[in-house]
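**Q** Structure provided below as structure tokens; questions to follow.
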Amino acid sequence: MNEHLKKRFYNLAIIIILLFVVLVSRLIYLQLIKGDYFRELSVRQAIRLIPIDAPRGDIVDRYGVKLATSRPSFTIDIMKGDVVDSHLNETILKLMDILTKNNVKYKDDLPIYLDDKGNPYFNFKNPDEASVKEEILKDREIAWKKANNISENSTAKEAWDILMKKFKIRKNLDPYEARKIMVVRQLMEEQGYNQYQPVEIALDVDQKTVAEIEERHFELPGVMISIKPVRYYPHGTLLSQTLGYIGRITQEDLKKLDMSNYKLTDLVGHSGLETLYEKYLKGKDGGQQVEVDNFGRLIKNLNNVPPVPGDTIFLTIDKNIQEAAEQSLTKTMENIRNGKYGKKYPNANIGAAVVVDVHTGKILALASVPGFDPNIFATGNPPASIVNELFKARNATVEPSPVFNYATQGAVPPGSTFKMAVALAALESGVTTVDEKYLDPGIYPYTKQTNWLWNEYHQTQGWVSVSDAIKYSVDTYFYEMGRRMGIDKIVEYAKKFGLDQKTGIEIYETKGIIASPQYKREYYLGLIKSMVKSDKNPNGKITEEQYDKIVKIVDSGNLSDYNTFLQLKKMGIKDSELQRELWRLMYFARHWSLTDTCSAAIGQGDNQFTPLEIVSYISTLVNGGTRYRLHLVDKIVSPDGKVIEETKPEVLGKIDIPQKYLDAIKLGMKGVTERGGTASAAFSGFPIPVGGKTGTAEVGIKGRDNYAWFVGFAPYDNPQIAVVTVIYQGGAGSYAAYVARDIFDAYFGLSKDKTNESFTVVNSPIR
């Protein structure tokens, strides 16, 4: 071998030795120095967790009776890793045909639908939504197209064709069959297409369908049946508006939820307590640990991590009292429609009732009738026909709305139930005394307004004290008190009772309106404001500048016919009909009359309050002047029994009520339920002394009957609870008193026989 070849050989050997040294060094580093780290990393990458859904936390009454809970149900899943790709669509179609044949609702998040002719169209509403703002729907469309790599300007037909190609669906397949495949493939893709991860297709499947799938399991590779918790409301419509319902996660939910705790397929609270306490009710999912290869295919099962249920929400509600309130409202409204108590009122089909512990603010019952069954939403696939009916646009004061909470949102005129606030204002302001007697004239001389007794029987009540005026509901007495005090004093005491403030309840509530010159001004100026021309109101009749000038004229108080019309003409409003309409509204915005004050003094006019506000006012009155925050949630308890949160009584305000004034007002309320009182028929033979007040509030709309109100408390000598009931178009307040009697029966443990009640336990709420 010559020297040149030897030199080349030695150089090559050195290079090989150096490479070998580098390789060995790297192996020593990886195996010995960093071996533990990479071994742990490898294990972590190979082990996956298949979620096991945690049950939502229970919502229970004050005694632990379940109002919302979870029950086991059969679920149909597909495990993609167990299906050959070429047979996946065929397997999906066979499964969907079984579900369709058996009328099983399956998950359908695909926003492309087919019309009667098989043509695709977009619909980005969720199954539990009847109406959604256009901008929200547009945001959902953009997000969906982006997630599926579809152009933002693509039509539904173009998107359909893209998905047909993407999912390798035969072009000659019936479009309705093709859509079934798309629905499942879309679900699988949203979940990440992990082959070890089962994709949920249908929840709460019946046993017949499960049996058929089991029988045909050889035809359905990858199709699995598992047991998962489903939300369950054991008492159906009971407390439905307050409990709320659950539904699928929406784009809006994604913005406010911590998605590290959720799967896209989870169901979350969409209304009521279910959404308000979502973070407590959501449990911690467990899972089955599995080992997978680098393609995501299952190698073997490891161990299970058990799920942790959500927290339990204890309410202040008493299920028995709640049930009594809802059942009595339904029964009493039927009796009113059938004329059992007297004159028939055929449209009495909306009612509400609230029961409160007067010493704590705890709500024992919160009834709104009619209600709905939240079980229809429990799987996230409510029938479209039912959803459309529940959420359709309507005038909820006339046409019953099962999803509207009339107890917390229904603000209507309170009628004579407002008179105790006016009586206290008159006594404390010194315009009358507990002993003064007023002679009912039948027709009030200052305003020509009449007393109800004069209207119905052409009679007067004679001489009445403040207690008599409450017992017999003498309108003219309160007209006179309103004249003596003036509207400002009435407003002052209404505010002291919190009648234009929220009660503090956890769920959504409407704030009431106190009749006043300020509100009247705002209301009529608001009507004028609605005439302003703008981008949203292109047909407006006046400009913003003209509106500002009109406000100045109203506030100046110079509203004489000639001056007003001249000013309107000067600012460019020349149409005579428009001038007359504006002058009318401007006059009402500025003008407050004695008639307005008198109407306000008997709970009419612009006064509008919810049953929740009225029960807070009555509770404050009869407990001696302490206004508590009303609350529904008593405590929140973790699965291991630890109290996470607890609600204590909270004082929102106090009124200093002299005992002699309170005694006089309560005496009048006691008389209401006794012989000769306006609620005497409902409380005839009742074994416990009760204080109350009926209210028959005029609607002021032709063809609509009066609101029927009753407010009450018991026992008379030592009040424990306050009760408020209202029936829309119920005709007379005396009719609503029958609901209150049934509620008192339930609270005090009175058991009925064919003729009357027998008293079992005095002054003690029992189960």
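**Q** State the number of residues belonging to region 231-252 that are in contact (Cβ under 8 Å) with a residue 24 or more places away in the chain and either among the β-branched types (Val, Ile, Thr) or under 19 Å from Thr100 (Cα atoms) (or both).
**A** 4
**Q** In this structure, does Val387 turn out to be in contact with a Ser or Thr (Cβ under 8 Å, 6 or more places away or on another chain) and in contact (Cβ under 8 Å) with a residue 40 or more places away in the chain? Steps first, answer last, please.
**A** Values: in contact with a Ser or Thr (Cβ under 8 Å, 6 or more places away or on another chain): no; in contact (Cβ under 8 Å) with a residue 40 or more places away in the chain: yes.
Answer is no for this residue.
**Q** Scan region 585-601 and tell me whether some residue there is modelled with pLDDT of 95 or more, surrounded by 17 or more Cβ atoms within 10 Å (Cβ to Cβ), at positive phi and not polar (S, T, N, Q).
**A** Within region 585-601 (the criterion being modelled with pLDDT of 95 or more, surrounded by 17 or more Cβ atoms within 10 Å (Cβ to Cβ), at positive phi and not polar (S, T, N, Q)), the answer is no, since none of the residues qualifies.
**Q** Might you let me know whether region 148-158 holds any residue that is assigned to a helix (DSSP H, G or I), in contact with a Pro (Cβ under 8 Å, 6 or more places away or on another chain) and farther than 21 Å from Glu252 by Cβ?
**A** So far as region 148-158 goes, yes, one or more of its residues are assigned to a helix (DSSP H, G or I), in contact with a Pro (Cβ under 8 Å, 6 or more places away or on another chain) and farther than 21 Å from Glu252 by Cβ.
**Q** Being under 32 Å from the mean Cα position of the chain (by Cα), more than 30 Å from Leu88 (Cβ to Cβ) and surrounded by 20 or more Cβ atoms within 10 Å (Cβ to Cβ) is the requirement here; does Leu281 meet it?
**A** The answer is yes for Leu281.
**Q** Something else: Please find, among Glu326, Glu334, the residue that is of a type in the set (Asp, Glu) and surrounded by 17 or more Cβ atoms within 10 Å (Cβ to Cβ).
**A** Only one candidate qualifies: Glu326.
**Q** Looking at Lys228, Lys255, Lys208, which one is touching a residue at least 24 places away in the same chain (Cβ under 8 Å), of a type in the set (Lys, Arg) and assigned to a helix (DSSP H, G or I)?
**A** Lys208
**Q** Mind checking which residues of region 398-417 are farther than 29 Å from Tyr472 by Cβ and surrounded by fewer than 24 Cβ atoms within 10 Å (Cβ to Cβ)?
**A** Of everything in region 398-417, those that are farther than 29 Å from Tyr472 by Cβ and surrounded by fewer than 24 Cβ atoms within 10 Å (Cβ to Cβ) turn out to be Val398, Glu399, Pro400, Ser401, Pro402, Val403, Phe404, Gln409.
**Q** Taking region 307-326 only, how many residues are assigned to a strand (DSSP E or B) and within 21 Å of the chain's Cα centre (by Cα)?
**A** Number satisfying all stated conditions: 4.
**Q** Counting only residues that are part of a loop (DSSP other than H, G, I, E, B) and in contact with an Asp or Glu (Cβ under 6 Å, 6 or more places away or on another chain), which one in region 434-476 is farthest from Gly676 (Cα to Cα)? Steps first, please.
**A** Pass one, region 434-476, residues part of a loop (DSSP other than H, G, I, E, B): 434-437, 441-442, 444-449, 451, 458-461, 465, 472-474.
Those still in the list that are in contact with an Asp or Glu (Cβ under 6 Å, 6 or more places away or on another chain) too: 451, 460-461, 474.
On the way: Asn451: 17, Thr460: 15, Gln461: 12, Val474: 13 Å.
Among them, the one singled out is Asn451.
**Q** Another question, then. Within region 349-397, take every residue that is within 19 Å of Ala68 (Cα to Cα) and of a type in the set (Ser, Thr, Tyr) and give me the one that is surrounded by the fewest Cβ atoms within 10 Å (Cβ to Cβ).
**A** Top of the filtered list is Thr379.
**Q** Can we say Asn2 is among the polar types (S, T, N, Q), at pLDDT below 70 and at negative phi?
**A** Yes.
**Q** Tell me whether region 175-190 contains one or more residues that are basic (Lys, Arg), touching a helix residue (DSSP H, G or I) at 6+ places or on another chain (Cβ under 8 Å), farther than 17 Å from Ile78 by Cα and surrounded by 12 or more Cβ atoms within 10 Å (Cβ to Cβ).
**A** no
**Q** So which residues in region 696-733 are at pLDDT 95 or above, outside any strand (DSSP E or B) and closer than 20 Å to Gln608 by Cα, if there are any at all?
**A** Of everything in region 696-733, those that are at pLDDT 95 or above, outside any strand (DSSP E or B) and closer than 20 Å to Gln608 by Cα turn out to be Asp705, Asn706, Gln729, Gly730, Gly731, Ala732, Gly733.
**Q** Within region 99-122, can you find the residues that are surrounded by fewer than 12 Cβ atoms within 10 Å (Cβ to Cβ) and either outside any helix (DSSP H, G or I) or of a type in the set (Asp, Glu) (or both)?
**A** Asn103, Asp115, Asp116, Lys117, Gly118
**Q** Failed condition for Phe391, given (1) within 19 Å of the chain's Cα centre (by Cα); (2) within 16 Å of Tyr707 (Cβ to Cβ); (3) at pLDDT below 95, with all others met?
**A** (2)
**Q** Additional query: Output the residues belonging to region 226-239 that are modelled with pLDDT of 90 or more, touching a strand residue (DSSP E or B) at 6+ places or on another chain (Cβ under 8 Å) and either surrounded by 14 or more Cβ atoms within 10 Å (Cβ to Cβ) or polar (S, T, N, Q) (or both).
**A** Lys228, Pro229, Val230, Arg231, Tyr232, Tyr233, His235, Leu238, Leu239
**Q** Sort out which residues of region 39-87 are among the charged types (D, E, K, R) and either modelled with pLDDT of 70 or more or closer than 19 Å to Ile644 by Cβ (or both), and write them in order of number.
**A** Asp53, Arg56, Asp58, Asp61, Arg62, Lys66, Arg71, Asp77, Lys80, Asp85
**Q** Report yes if Lys693 is closer than 26 Å to Thr360 by Cα, surrounded by 24 or more Cβ atoms within 10 Å (Cβ to Cβ) and modelled with pLDDT of 95 or more, otherwise no.
**A** So Lys693 fits the description; yes.
**Q** Please pick out the residue among Leu187, Leu203 that is modelled with pLDDT under 95, part of a helix (DSSP H, G or I) and farther than 13 Å from Asn89 by Cβ.
**A** From the options Leu187, Leu203, the qualifying one is Leu187.
**Q** Continuing with this model, one more query. Regarding region 499-510, can at least one residue be identified that is part of a helix (DSSP H, G or I) and closer than 30 Å to Gly676 by Cα?
**A** No, region 499-510 contains no residue that is part of a helix (DSSP H, G or I) and closer than 30 Å to Gly676 by Cα.
**Q** Since Ile470 meets every condition but one in (1) touching a Ser or Thr at 6+ places or on another chain (Cβ under 6 Å); (2) within 22 Å of Thr626 (Cβ to Cβ), which condition does it not meet?
**A** (1)
**Q** Somewhere in region 164-179, is a residue over 23 Å from Lys105 (Cβ atoms), within 37 Å of the chain's Cα centre (by Cα), part of a helix (DSSP H, G or I) and not hydrophobic (A, V, I, L, M, F, W, C)?
**A** No, that holds for no residue.
**Q** In addition: For Arg627, state whether it is touching a residue at least 12 places away in the same chain (Cβ under 8 Å), surrounded by fewer than 21 Cβ atoms within 10 Å (Cβ to Cβ) and not aromatic (Phe, Trp, Tyr).
**A** No, not satisfied.
The values are calculated or read from the model by the stated rules, or taken from the named source; none is laboratory data. What you are looking at is a predicted structure, and each value in this text was computed from that prediction instead of being measured. We place every Cβ from the backbone using ideal geometry, glycine too, and count neighbours over all the protein chains shown.
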